[in-house]
Amino acid sequence: MIKKLLYTFSLLLLSTAGFSQISTLPASEGFETTFTQGTAIEFIPNWLGSTVAASNKIFQDLTDFNTGLAALSMIPTSAFNGDVQVKLNLTSYQSVAVSFMAKSMLNGIGTRDVVLTMSTSIDGGTTWIASSQIASLPNANQTSFTTYSYSLPVEANNQANVLVRFYATRGATGTSTAAKLVIDDVLIQQVTTPQITLSQTALTFTQVLGLPTQTQTVNVSGSNLSGNINLTAPANFEISTSATSGFSSSVSLPTTNGNLLVTPVYVRLNATAAGTFTGNLTAMSSGISAPAIALTGSCIAPTVTNPAPFDVTMPPGYSFTSWDNTNAAGTFPPNMALWSHATADPDLNTPFIENWSCLYNLTSRSRFTGEGTNGISMINTGASQFTGVCDGTNPTQTTGTTIASGRAGAIVIALNTVGVNPAISQVSINWTGRTILQNVKVCALRMQYRIGTAQGNPNAGWQEFPTTQEYISGADNSFEMKTTTLPSSCSNQPVVQVRWVYYFVSGTGLRAQLALDDVSTSIVSLSTNNNFTYDSIDFQIYPNPTAKQIVHLSTAQNIEVFDLTGKIILSQKNTSTIDTTSFSAGIYSVKTDTGITKKLIVE
């Protein structure tokens, strides 16, 4: 609804050619003219508001003001952001700045700040540039007004269709209502003093040791300068004019004729040790410095386990076919680890922090679940697990402390491919992706690999396969069987790790619950002309599960049947049936001489 309102407002602004403009500077506004009420309206000459009312949203304040008898007040809510714009014709002006008086006043019983952000448009409101957070004020009665200022970007110089926006929103933290913002005594004037404008006042970062954080952006602009703008980051933080490279402790932004157009600078935390870090990002030019940006960051050392590698030359090869929900918390299937993180809707860059340490039979909140013969499933919710539920100290806990990094996750296996000569063979992994619950949000399991353990860093060295290998959520109880061949570089390596990352794709609402099942390895031989030969023919087993009866293979195969200990209990050539009448109840692996492995369940 908010987006729809703002879009409607922008459309109205694009058609405001008949509305008045301020074309002579300096110009001032004390908001003593009676406001016209309405939606997307010019409420006083030259000034437009998204929703102007009598005593809420945007309104003329006759109680709290700096001078005169009135002021402009805005009260943002969860469904409304205050959007006030002043229209300027700056055809004959450069280096324009807006100064004003402002304070906050108590509104309701909430604990949220009111946040004022200002920005500029030179195309009638289609696009906004030079966005800058001006103030974040508490939900309390401030006794006095404070002077604030905003410098228009160089792009606005000599432009005829300029809008300056005062945008009031609720703070991200706190509860319930936000403060009332009161603005008075606006002065718009041309200035000759040097100006440096930064779009942020503070930034916060969370890093997992071993990788820098994702970048955050600071937009920098300036006017009336006599030299470059030099930015310097505090220790453990880095900056660059590129989002992907060139990071260092400082950058220099060259000016042209004393001006700098809006230029993005990218900031990140890249600490080399765990801890908490603070400092100021400074911006200076000859004889002038901008208000510093306060940087705060924390670096967490990951505690994940790298699983022991399985020797793929050992028959019948690696096999994962089931995981019961009664397995003890903190235990994993052989040669496997389950990793968790702190993000409800992770992408493929979300860093992993610790092992899954909770039970496998949980039915709410973010979790890994033992699905029995359907493998291990992963699902995230908006909330992590409670600590007492996971460590057993309070199995019925419903409030209080949660695990900070208790969200799924990734399933990781490790393989030892030494002895597999890259010239004559490669390793393939057969696996099944399952949808336990489709829900609404689309999620997926993305398969990735790396050689080695990156010195224990769980987040470094991972590579995508040449062709994307993933399973995307489908209908409830649907599944897909897949075979993925490892790149030749993975052959003859003491440690190759493969992981399936649970990540968010699209949508809103409840997230999909996905399972990984029936993971096995096979060696794919090369022909004498060095072209791959895939002589193996896929097949199905039915009925499966079976009640100790004759089961059928959809195509005749040379097979070996293994129990869960890896012991061969049956070997047959060119057969299309398996007699399970003498088998004990349990799970078996049926492997062909061409490397295909199937799970057989005897009940």
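For the chain, what is the mean residue ellipticity at 222 nm derived from helices alone (per DSSP H run of n ≥ 4: -39500 (n - 2.57); sum divided by total residues; nearest 500 deg cm²/dmol)?
-1000 deg cm²/dmol, from helical runs alone.
Cysteines of the chain lacking any other cysteine beta carbon under 4.7 Å?
Here Cys299, Cys443, Cys490 come out as lacking a disulfide-compatible partner, given the Cβ-Cβ threshold of under 4.7 Å.
Given a Förster radius of 41 Å and the C-beta distance between Asn327 and Leu348 as r, what FRET efficiency does 1/(1 + (r/R0)^6) yield to the nearest 0.05?
Efficiency for this residue pair is about 0.90.
Using only C-alpha atoms and all pairs of different ones, pull out the Kirkwood radius for the chain in Å with one decimal.
28.5 Å
Residue separation times 0.36 nm, minus the C-alpha to C-alpha distance between Thr313 and Ile109: what's the value?
66.7 nm
Would you list Trp462, Trp47 from the most to the least accessible area, probe 1.4 Å?
Solvent-accessible surface, decreasing: Trp462, Trp47.
Once you have a ≥ b ≥ c as the square roots of the Cα gyration tensor eigenvalues for region 459-511, tell me rounded if a/c is under 1.5, and otherwise prolate or oblate according to whether a/b is larger than b/c.
It comes out prolate by the Cα gyration axes.
Do you know the relative contact order of region 201-276, to the nearest whole percent, from alpha carbon pairs under 8 angstrom that are 6+ apart?
Relative contact order of region 201-276: 43 percent.
So what is the accessible area of the chain per residue, in Å², with the probe set to 1.4 Å?
Solvent-accessible surface per residue comes out at 43 Å².
Using protein chains only and a probe of 1.4 angstrom, how many square angstrom of Leu260 are accessible, to the nearest 10?
10 Å²
Counting only C-alpha contacts under 8 Å and six or more residues apart, can you give the relative contact order of the chain as a whole percent?
Worked out over the chain, it gives 9 percent.
On a straight-distance basis, which lysines could pair with Lys103 in a cross-link, Cα separation under 17 angstrom, same-chain partners fewer than 8 positions away excluded?
Excluding near neighbours in sequence, the set is Lys57, Lys180.
Please compute the net charge surrounding Ala585, taking Lys and Arg as +1 and Asp and Glu as -1 over other residues with Cβ under 15 Å from its Cβ.
That sum, taken over residues with Cβ under 15 Å, equals -1.
What is the Rg over Rh value, at two decimals, for region 263-372, using alpha-carbon atoms and the Kirkwood definition of Rh?
Rg divided by Rh gives 1.19.
Tell me the label-point distance for the pair Thr399, Asn141, using the 7 Å Cα-to-Cβ offset, in nm and rounded to one decimal.
Each label point lies 7 Å from its Cα, and together they span 3.1 nm.
Asp123 label point, 7 Å along Cα→Cβ, cut-off 20 Å on backbone N: hits in region 232-269?
Taking a point 7 Å out along Cα→Cβ of Asp123, the residues of region 232-269 whose backbone N falls under 20 Å are 261-264.
In nm, what is the difference between 0.36 nm times the number of residues separating Ala547 and Thr192 and their Cα-Cα distance?
Working it through step by step, the gained length comes to 118.9 nm.
Could you check the simple spin-label distance between Asp563 and Ser55, using points 7 Å along Cα→Cβ, in nm with one decimal?
Label at Asp563, label at Ser55, 8.1 nm between them.
Fully extended, how many nm does the chain gain between Glu32 and Ala475 (0.36 nm per residue separation, minus their Cα-Cα distance)?
Between Glu32 and Ala475, full extension yields 153.4 nm more.
If I compute solvent accessible area with a 1.4 Å probe over the protein chains, what percent of it on region 257-349 is carbon and sulfur?
Carbon and sulfur atoms account for 53 percent of the accessible area of region 257-349.
For the pair Gln216 and Thr484, what calculated FRET efficiency results from E = 1/(1 + (r/R0)^6), where r is the Cβ-Cβ distance and R0 = 22 Å, to the nearest 0.05?
That pair, Thr484 with Gln216, gives E of 0.05.
Among rounded, prolate and oblate, which fits region 22-64 when a ≥ b ≥ c are the square roots of the eigenvalues of its C-alpha gyration tensor, a/c under 1.5 means rounded, and a/b larger than b/c means prolate?
oblate
Relative contact order of region 310-401: what whole-number percent is it, with Cα pairs under 8 angstrom and at least 6 residues apart?
In percent, rounded to a whole number, it is 26.
I need the shape label for region 546-589. Rule: rounded when a/c is under 1.5, else prolate if a/b > b/c, else oblate, with a, b, c from the alpha carbon gyration tensor.
The shape class here is oblate.
With angles folded into 0 to 90 degrees, how steeply does helix 2-14 sit against the dominant principal axis of the chain? Use alpha carbons for both and round to 10.
Between helix and principal axis, roughly 50 degrees.
The values are calculated or read from the model by the stated rules, or taken from the named source; none is laboratory data. Keep in mind it's a predicted model, so treat the numbers as computed, not measured. Glycine gets a Cβ as well: all are built from the backbone with ideal geometry, and neighbour counts include every protein chain shown. Calculation scope for accessible area: heavy atoms of the full protein, side chains included, ligands and nucleic acids excluded. Shrake-Rupley method; radii C 1.70, N 1.55, O 1.52, S 1.80 Å.
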